[in-house]
1. Name the single residue, out of those in the stretch A:66-83 being crowded, with 20+ Cβ neighbours inside 10 Å and under 15 Å from A:W35 (Cα atoms), that is farthest from the other protein chains (Cβ to nearest Cβ).
2. Considering the stretch A:99-111 alone, what residues qualify as being within 8 Å of chain B (Cβ to nearest Cβ) and touching a Gly at 6+ places or on another chain (Cβ under 9 Å)?
3. Taking the stretch B:26-69 as the region of interest, how many residues are touching a residue at least 60 places away in the same chain (Cβ under 8 Å) and of a type in the set (A, V, I, L, M)?
4. Considering the stretch A:69-95 alone, what residues qualify as being under 19 Å from A:G54 (Cα atoms) and assigned to a loop (DSSP other than H, G, I, E, B)?
5. What about B:R70, is it over 25 Å from A:S40 (Cα atoms) and not β-branched (V, I, T)?
6. Please go through the stretch B:76-113 and pick out each residue that is assigned to a loop (DSSP other than H, G, I, E, B), surrounded by fewer than 18 Cβ atoms within 10 Å (Cβ to Cβ) and away from every other protein chain (no Cβ under 14 Å).
7. Identify the single condition in (1) at positive phi; (2) away from chain A (no Cβ under 12 Å) that B:L11 does not satisfy, given that it satisfies every other one.
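The values are calculated or read from the model by the stated rules, or taken from the named source; none is laboratory data. Just so it is clear, the model here is predicted, and its values are computed rather than measured. Virtual Cβ from ideal backbone geometry, glycine too; neighbours counted across all protein chains shown.
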Amino acid sequence: QKEVEQNSGPLSVPEGAIASLNCTYSDRGSQSFFWYRQYSGKSPELIMFIYSNGDKEDGRFTAQLNKASQYVSLLIRDSQPSDSATYLCAVRGSSASKIIFGSGTRLSIRP
Amino acid sequence: EADIYQTPRYLVIGTGKKITLECSQTMGHDKMYWYQQDPGMELHLIHYSYGVNSTEKGDLSSESTVSRIRTEHFPLTLESARPSHTSQYLCASSGGFLGNTIYFGEGSWLTVV
């Protein structure tokens, strides 16, 4: 079992709809959770991070964390074609400072 | 916004040559990382450092080596490049106020012919 798991996709969502990306992790003591966006041929860029259970909103993006169920999700409202990218979930585990990345979910927003 | 710089951005080099990929950050971050990523594939951690004179190998075995003599500088060296080393190499750093958030450089695309 991978430490951080994501559905590889591609996830196809119509423009204007809500895109929902999910991530599960195996280390129950994990403390910090991050979402990165990576366009093809570019480096990952941080979208948002979350530390506490519940929701955290930033513009069209909402991160949701459920530590009991060991999953973290990212919702993108009013999806735009420019949101088409690979989304990486990253988790800092309980043991050290190392951050583990998932393999990413490819999101495609169709006009 | 992170200030982390990689050079060269693109490099085409012949088999057997020695190369060094440079990475510098101006944020005073104590932790630095090198990731390798093939197009459309996942990130693989190949080296990391938690401070000056501290380097560790990552999860993916790599023939490259790194050094950390100064906080801001974390170069990666391949003594003898091979076509299998063709990939994108991403340098990253973390630290400071947000502690564990990793920020990436723009990447170095290496092609070995």
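1. Taking the candidates together, the pick is A:I76.
2. The answer is A:I99, A:G104.
3. Qualifying residue count, the stretch B:26-69: 2.
4. Result: A:S69, A:Q70, A:R77, A:G93.
5. yes
6. Selection gives B:E79, B:S80, B:R82, B:T86, B:V113.
7. Answer for B:L11: the failing condition is (1).
Yes or no, residue by residue, for (1) surrounded by 14 or more Cβ atoms within 10 Å (Cβ to Cβ); (2) within 12 Å of chain A (Cβ to nearest Cβ); (3) at pLDDT 95 or above; (4) under 15 Å from the mean Cα position of the chain (by Cα):
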residue: B:A2; (1), (2), (3), (4): yes, yes, no, no
residue: B:Q6; (1), (2), (3), (4): yes, yes, yes, yes
residue: B:K18; (1), (2), (3), (4): no, no, yes, no
residue: B:E22; (1), (2), (3), (4): yes, no, yes, yes
residue: B:W34; (1), (2), (3), (4): yes, no, yes, yes
residue: B:M41; (1), (2), (3), (4): no, yes, no, no
residue: B:L45; (1), (2), (3), (4): yes, yes, no, yes
